[in-house]
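In what follows, a structure is listed as structure tokens, so that the remarks can point back to it.
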Amino acid sequence: MTDLTFADFGLAQPIAEALARAKFEKPTAIQAQAIKPQLEGRDILGLAQTGTGKTAAFALPILHHILAMPGRAAPGTARALILAPTRELAVQILDEFRRFAGGARVSTCLVLGGVSRNVQIRNLGRGVDVLVATPGRLLDLVDDRKVRLDEVRFVVLDEADRMLDMGFVQPVRRIVSMLHPRRQSAMFSATMPSEVSGLAGSFLNNPVRVEVAPQSTVVTKIEQTAELLDGTAKRARLAELMGGTGVERAIVFARTKRGADRVAQNLEKDGIKAEAIHGNKAQNARQRALNNFRHGTVKVLVATDIAARGIDVPGITHVINYDLPDEPENYVHRIGRTARNGADGIAITLCAPDEVKKMRAVEKITGERLLAGGIPDGESKPRGNRRGGGGGKPGGGAAKQGRPNRRRRGPSRANAA
Ligand code: AMP
């Protein structure tokens, strides 16, 4: 299994050539498990998060099947449908399809909210091979009879857990009910709460289950630390961290859209180039912020959980949790932004006393004791706590050391702190 190469899959020539051009040499773990069954027509239930190569794991077999289909997609229909929870993720999926279609004639269309419908309607009118969509806008266009979904033979629900978190259960179920009854389906999710497995049960037909990391565990090679400090001290600490050496590209997570804007503005005031990205910004403003970040014009991107999902920018050295996430599982998604493609990364959580409970919920999920001691008594104002050694004795006496608690899961790297 480990010696598997892309050549072993016997993918159509244009795809094989595109893979060579992209310098993809070996399939990732999820690709090694998921591509062959899909080439054989099986449904897939994939437990994998962004960064594992899951997009190519579904894009390559779908492209292979589409290249084998005769003729063209009928006007107003699509042959493959990929549903994604966020606009950024949808854009990245489409890019990946285009990249691997290589020189072959594969028509694609992106359907998402926040941008004009006209181009989308025109493309759909011609009929498309691969349609990548977010659920809301797609249903609008279906209801307006701009596209029919009954010719969809290949469907993927990507980041299903996030899709359900965002309230897309009913839209997704409606969309699924419209697809061709004899279709090949895949569903990918980073976590498998009962709602997701319920959807999988009704949506997938005897799926092959593939999994690359145990549920809710974090990727390796991320050095995680947590610091306990007053909410009012966070701004100065963040500026200090971001001004440190070794910070090349950082994502800072804020809990709310307004919070994200404020953190970005404060960073700018403190002399650090930063931009915020969240759902209140127009699509082109979000894309511009993302491009500036990707090209290094700004080194800090401040994001909400939803906006950050699916962002795949290489070379993110630091993830900072300025606010603890409401959903502990988002911690795993957040820190997964760094340490991509074998690089290592640093994740630092700034935890105010009133967020300690959320921190504990995160620790339960990751199985890592990141913040030692119990809830602080309010008298001490430590910047960080040493590791609680797994047990984390309440009031564990390390609080005054002023050193962040540190869990190292890979090669060491100079911490900018
Ligand atoms: P994903 O998990 O689909 O977001 O992919 C993460 C990143 O890994 C993307 O930039 C992909 O283009 C890249 N990637 C996917 N598969 C491979 C592979 N087999 N070899 C090298 N890079 C890959």
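For the reader, a short list of remarks on this structure follows.
- As a length-normalised measure over Cα pairs under 8 Å and 6 or more apart, the relative contact order of the chain settles at 16 percent.
- Placing a pseudo-label 7 Å from each Cα along the Cα-to-Cβ vector at A22 and S116 gives an inter-label distance of 3.0 nm.
- Over 23 Å apart at the Cα level, from the set K234/K358; K36/K146; K26/K221; K221/K269, are K36/K146; K221/K269.
- The alpha-carbon positions of the range 6-211 define a convex hull whose volume is 109 Å³ per residue.
- Working note: 222 nm ellipticity from helices only, DSSP H runs with n ≥ 4, each -39,500 (n - 2.57), summed and divided by the residues of the chain, gives -10500 deg cm²/dmol to the nearest 500.
- Applying 1/(1 + (r/R0)^6) with R0 = 35 Å to the Cβ-Cβ distance of S177 and L4 gives a FRET efficiency near 0.45.
- For E211, the residues whose amide H sits under 5 Å from its own are L47, ignoring neighbours fewer than 5 places away on the same chain, with H placed 1.01 Å from N.
- Efficiency of FRET between R262 and D150 - r from beta-carbon atoms, R0 41 angstrom, step 0.05: 0.30
- Across the range 290-307, rounded Karplus estimates of 3J(HN,Hα) from the backbone phi angles (6.51 cos²θ - 1.76 cosθ + 1.60, θ = phi - 60°) give 5, 5, 4, 5, 4, 8, x, 5, 10, 9, 10, 10, 9, 9, 8, 4, 5, 5 Hz, Gly and Pro being marked x.
- Dipole magnitude for the range 171-308: computed about the Cα centre from +1 point charges on Lys and Arg Cβ and -1 point charges on Asp and Glu Cβ, it is near 620 debye.
- Amide hydrogen proximity for L81: with H placed 1.01 Å from N in the peptide plane, the residues at 5 or more positions away or on another chain lying under 5 Å are L131, F154, V155, V156.
- Between A68, V169, I35, the Cα set farthest toward the positive side of the dipole of the range 6-211 (charges on each charged residue's Cβ, about the Cα centre) is that of A68.
- log₁₀ of I(q)/I(0) at q = 0.10, 0.12, 0.14 Å⁻¹ - the chain, Debye sum with one point per alpha carbon: -0.70, -0.97, -1.24
- Candidate residues K54, K221, K364: accessible-area rank, largest first, probe 1.4 Å: K364, K221, K54
- For the range 169-205, the residues whose backbone nitrogen is under 14 Å from a point 7 Å from the Cα of M69, taken along Cα to Cβ, are 179-185.
- The phi-based Karplus calculation (6.51 cos²θ - 1.76 cosθ + 1.60; θ = phi - 60°) puts the 3J(HN,Hα) values of the range 177-193 at 5, 8, 6, 4, x, 9, 9, 9, 10, 9, 9, 10, 8, 7, 9, 10, x Hz, whole numbers, x for Gly and Pro.
- Apportionment of accessible area to carbon and sulfur, the chain, percent (1.4 Å): 48 percent
- Phi to ³J(HN,Hα) by Karplus 6.51 cos²θ - 1.76 cosθ + 1.60 over the range 19-29, Hz, x for Gly, Pro: 5, 5, 4, 6, 6, 7, 9, 10, x, 6, 4
- Long-range amide H partners of N321 with built H, under 5 Å: F253, I348, T349, L350
- Mean projected area in nm² (Cα convex hull; one quarter of hull surface) for the range 1-100: 7.1 nm²
- The range 234-356 - Debye-derived log10 I(q)/I(0), Cα point model, q = 0.11, 0.14, 0.19 Å⁻¹: -0.31, -0.51, -1.00
- Solvent exposure of C109, expressed as accessible area, is near 0 Å², computed with a probe of 1.4 Å over the protein chains only.
- Size of charge dipole - the chain - debye, nearest 20, with Cβ of Lys, Arg +1 and Asp, Glu -1, no other charges: 580 debye
- Restricting attention to the chain, close to 5% of DSSP beta bridges with both partner residues there are antiparallel.
- At R0 = 25 Å, FRET efficiency that the Cβ-Cβ distance of E248 and E211 yields, to 0.05: 0.20
- Within a straight-line Cα-Cα reach of under 13 Å, K299 can be paired with the following aspartates and glutamates, leaving aside sequence neighbours fewer than 8 residues apart in one chain: E248, E268, E275.
The values are calculated or read from the model by the stated rules, or taken from the named source; none is laboratory data. In this text, all values refer to a predicted model and were calculated from it rather than measured experimentally. Cβ coordinates were reconstructed from backbone atoms using ideal geometry, including for glycine residues, and neighbour counts include every protein chain displayed. These area figures cover heavy atoms from the full protein model, side chains too; ligands, DNA and RNA do not enter into them. Shrake-Rupley method; radii C 1.70, N 1.55, O 1.52, S 1.80 Å.
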